[in-house]
Amino acid sequence: MVVALALAGCTQAQLQGFMPADPGLTNHVDRIMGLWTTSWIVLLAVGIITWGLMIFAAIAYRRRKGQVGLPVQLRYHMPMEIFFTIVPVILVAGFFAFTARDQAIIEEPNADPDYSITVYGKRWSWDFVYDREGQDPVHFQGIQAQEDPATGQLQQESLPTLVLPTDSSIEITLEARDVAHSFWIVEFLYKKDMLPGVTNHMYFETGSQEGVFRGKCAELCGEYHSAMLFNVELVSPAEYDAYLESLEAEGNVGPIDESINPFTGDGNIDPERDENVDTTEGE
C-alpha cells in the first residue's frame, strides 16, 4: 500500500525513470523503460534494507556507557550468512534473466520490414541510403556540422536529418566508413555500434507520434566526435514518400556503398578517399 501510494504521486517523468522518451514512440521504448524503472525500484528496496540493517547494527551493538574494550565479537551466524549469500545470487540472476529476455525481443530480426534504410557513419557525419521497392535507392550525404562564426555554436540546419515514417516497421543497416562509431537515437532508447568491416542491424516499429528527435554518435571516434550529431524526423508515410521523391529530384539516386570508404582493406587509408588527410606536399 505504501508503494502504491508513493507511485500514485509520481509524475510521468518519474514513473518512466526520467528516460528521455515518450511512451509508445517505438515498440521497444515501453519495454526498456519498464526494465529500467523496475530495476531501480528493486535496487531501492535493497538499499533501504541494507541501510536499515547498518543503522540497526550501529545502534544495537554500539559501545555502552561504562564498557571498555571491543564489543563482543559474533561469528558464524549461519542463517544471516546464508541469507546474505542467497539474496544477491537471486538478484543477479533475476536482473540477468529479465535483461536477456528483453534484449532477445529487441534484437529479434524482422524478415519483412515495411522500410529498409542503410546508415553509414563517417568522420564526422552520416550518410543515409533509402531503399525503394522496385526502384533504385535514393540517398542523402551529410557534411560535418558547421559552427556559427558569431557564437561558436553548431548550426542546427547543417546537421543531417534521417527521415522515418510513422506506424511502420523499419530495418536500419549500420555500416562504418572509417573508424568505430555508434548510432544512437536518444529518444528511441536504442543504440548500436558501427564497426569497419562489420554489418549490424536495428529493427523497430514506430508509433503514430510525429516530431523531430536527437541522434548522435555514442562512440569516441576522433577530434570532432562531439559534433557528430544528426536529427531524426518522424513523418507520415505519405510525407516520407514525398521526401524520397525530393531526393530523386535532386539527383541523389543510386546506392552509395563501401567503395568510397577511406580504408583500402589492407589496414591503410587511401588519402584520395579521406577528406581528413592533408595531402599537401611537405606537410
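Tabulated data for the structure shown
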{"quantity": "The lone exception for PRO113 - which of (1) touching a Phe, Trp or Tyr at 6+ places or on another chain (Cβ under 6 Å); (2) part of a loop (DSSP other than H, G, I, E, B); (3) under 18 Å from LEU234 (Cα atoms) it fails", "calculated": "(1)"}
{"quantity": "Any hit, the range 152-175, residues being at positive phi, out of contact with any strand residue (DSSP E or B) (no Cβ under 9 Å at 6 or more places or on another chain) and surrounded by fewer than 17 Cβ atoms within 10 Å (Cβ to Cβ)", "calculated": "yes"}
{"quantity": "Among the candidates ILE90, ILE49, ILE86, ILE55, residue that is modelled with pLDDT under 90, open to solvent by 60 Å² or more (accessible area, probe 1.4 Å) and β-branched (Val, Ile, Thr)", "calculated": "ILE49"}
{"quantity": "Residue that is nearest to the chain's Cα centre (by Cα), among those in the range 95-111 that are free of Cβ contacts under 8 Å to residues at least 12 places away in the same chain and open to solvent by 80 Å² or more (accessible area, probe 1.4 Å)", "calculated": "GLN103"}
{"quantity": "The range 235-250 residues that are modelled with pLDDT of 95 or more, paired with ones that are part of a helix (DSSP H, G or I) and surrounded by 12 or more Cβ atoms within 10 Å (Cβ to Cβ) (beta carbon under 9 Å, 6 or more apart)", "calculated": "VAL235/ALA242; VAL235/TYR243"}
{"quantity": "ARG31 touching a residue at least 60 places away in the same chain (Cβ under 8 Å), basic (Lys, Arg) and open to solvent by 50 Å² or more (accessible area, probe 1.4 Å)", "calculated": "yes"}
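The values are calculated or read from the model by the stated rules, or taken from the named source; none is laboratory data. This one's a predicted model, so the numbers in the text were calculated from it and none came from an experiment. Glycine also receives a Cβ, built like all others from the backbone with ideal geometry; neighbour counts cover every protein chain displayed. What goes into the accessible areas is simple: the full protein's heavy atoms, side chains included, and nothing from ligands, DNA or RNA. Shrake-Rupley method; radii C 1.70, N 1.55, O 1.52, S 1.80 Å.
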